[in-house]
Ligand SMILES: Nc1ncnc2c1ncn2[C@@H]1O[C@H](COP(=O)(O)OP(=O)(O)O)[C@@H](O)[C@H]1O
Ligand SMILES: [Mg+2]
């Protein structure tokens with residue numbers, strides 16, 4: 001199997017980053033980041049454009065030296081042992097350099113020869129199968145859809161059986177169906193690789209990743225499972241209350257309940273903000289509504305998604321940016337960083 005590795009050697013295939021910094025002249029793109037990525041997992045590297053995702057990935061793949069700090073990939077130092085690292089890492093850069101007039105198979109064969117891959121014929125068939133492109137193997141790359149080209153890029157990254165996969169925003173510019181297909185493939189590859197996957201699309205990490213590392217302006221602002229990050233914010237979070245009474249009246253009543261800092265009428269009910277994370281106002285809210293003689297229709301935490309978590313985490317730093325910038329609503333297709 002492509003990328004299979006000995007699970008008893010798990011530790012060797014981790015990505016370990018310690019106090020990594022990167023300066024471009026006067027500008028500091030990475031301000032001392034530390035994180036790890038584990039085998040058999042998809043680690044999501046999430047952040048807005050310019051956060052430092054590509055810079056980090058280029059350091060991890062040995063294409064750019066760090067200014068200071070350390071990164072160990074598959075047991076090798078990216079700076080001192082960069083050839084060893086490259087042998088064990090499959091890299092899908094932001095802009096995959098594909099030779100458009102080659103066939104998919106021809107391109108993979110060519111890349112395999114450059115890397116000295118053994119049993120190349122078989123290997124090319126294996127990776128084409130893994131990315132579900134066997135039926136288009138003889139097509140010229142320029143005739144393939146963007147999604148298929150991305151899969152050729154992925155096949156290229158898998159050719160030399162790397163234990164570690166580093167994929168830089170692989171879903172950018174794909175249509176919705178292609179995005180779903182690629183995410184499914186990433187999840188599958190995560191099972192037998194250490195996979196680091198960058199994106200600026202927040203919902204994407206919830207769908208694809210086991211762990212998330214959130215980076216913003218060259219700093220790691222949070223990390224954890226999507227579940228943990230969500231729980232962190234839901235704890236002491238806002239509660240939505242619906243009762244069969246006018247929202248204004250409900251809000252006025254709930255504003256007087258102990259532990260409630262604020263009760264505001266919203267479209268679909270009353271949103272209650274507790275005074276602190278230690279307080280769960282829900283039992284008291286339910287009692288107040290029922291005592292008033294109203295019927296309680298709904299009582300639940302206000303849905304928190306990663307968009308909101310991200311907003312929360314970066315609120316101070318980004319106070320001067322517009323919500324649209326922070327929420328990364330625009331899916332940017334133009335990337336500035338060159339290979
Ligand atoms: N070669 C470079 N020279 C100067 N600045 C760069 C270079 N590459 C990236 N940067 C800057 O470093 C910051 C991080 O960029 P990058 O790592 O590409 O972010 P991301 O991939 O998260 O969008 C950005 O402000 C970018 O303009
Ligand atoms: Mg980038």
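Quick note: the coordinates plus some simple rules give every number you see, no bench work behind them. Just so you know, these numbers come straight off a predicted model, no measurement behind them. So basically every Cβ, Gly included, is an ideal-geometry build from the backbone, and we count neighbours across all protein chains shown.
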Query raised in the report: Looking only at helices (runs of 4 or more DSSP H) that fall completely inside the stretch 118-229, which ones have 3 or more residues that are under 24 Å from residue 30 (Cα atoms) and touching a residue at least 24 places away in the same chain (Cβ under 8 Å)?
Result: 202-208
Requested in this report: For residue 139, state whether it is in contact with a strand residue (DSSP E or B) (Cβ under 7 Å, 6 or more places away or on another chain) and over 24 Å from residue 46 (Cα atoms).
Outcome: yes
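Would you check if residue 92 is touching a residue at least 12 places away in the same chain (Cβ under 8 Å) and either over 24 Å from residue 149 (Cα atoms) or touching a helix residue (DSSP H, G or I) at 6+ places or on another chain (Cβ under 9 Å) (or both)?
When the stated conditions are applied, residue 92 passes them.
I'm trying to understand the selection: among the residues of the stretch 65-99, which are within 16 Å of ligand 2 (Cβ to nearest atom) and either touching a strand residue (DSSP E or B) at 6+ places or on another chain (Cβ under 6 Å) or assigned to a helix (DSSP H, G or I) (or both)? So that I can check it myself, show each step before the final result.
Kept after step one, since they are within 16 Å of ligand 2 (Cβ to nearest atom), are these residues of the stretch 65-99: 91-97.
If the condition is that a residue be within 16 Å of ligand 2 (Cβ to nearest atom) and either touching a strand residue (DSSP E or B) at 6+ places or on another chain (Cβ under 6 Å) or assigned to a helix (DSSP H, G or I) (or both), then 91, 92, 93, 94 are the ones that fit.
For residue 62, state whether it is buried (at least 19 other Cβ atoms within 10 Å of the Cβ), under 25 Å from the mean Cα position of the chain (by Cα) and not in a strand (DSSP E or B). I'd like the intermediate steps shown before the answer.
Values: buried (at least 19 other Cβ atoms within 10 Å of the Cβ): yes; under 25 Å from the mean Cα position of the chain (by Cα): yes; not in a strand (DSSP E or B): yes.
Yes.
Residue by residue through the stretch 34-50, note down the ones that are within 27 Å of residue 191 (Cβ to Cβ) and either within 13 Å of ligand 2 (Cβ to nearest atom) or buried (at least 22 other Cβ atoms within 10 Å of the Cβ) (or both).
First, pick out the residues of the stretch 34-50 that are within 27 Å of residue 191 (Cβ to Cβ): 34-47.
Result: 37, 39, 42, 43, 44, 45, 46, 47.
Here's the yes/no breakdown for (1) touching a strand residue (DSSP E or B) at 6+ places or on another chain (Cβ under 6 Å); (2) within 16 Å of ligand 1 (Cβ to nearest atom):
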| residue | (1), (2) |
| --- | --- |
| 177 | no, no |
| 183 | no, no |
| 187 | no, no |
| 194 | yes, no |
| 197 | yes, yes |
| 200 | no, yes |
| 206 | no, no |
Requested in this report: For the stretch 12-26, enumerate the residues that are within 16 Å of ligand 2 (Cβ to nearest atom) and farther than 19 Å from residue 221 by Cβ.
Outcome: 24
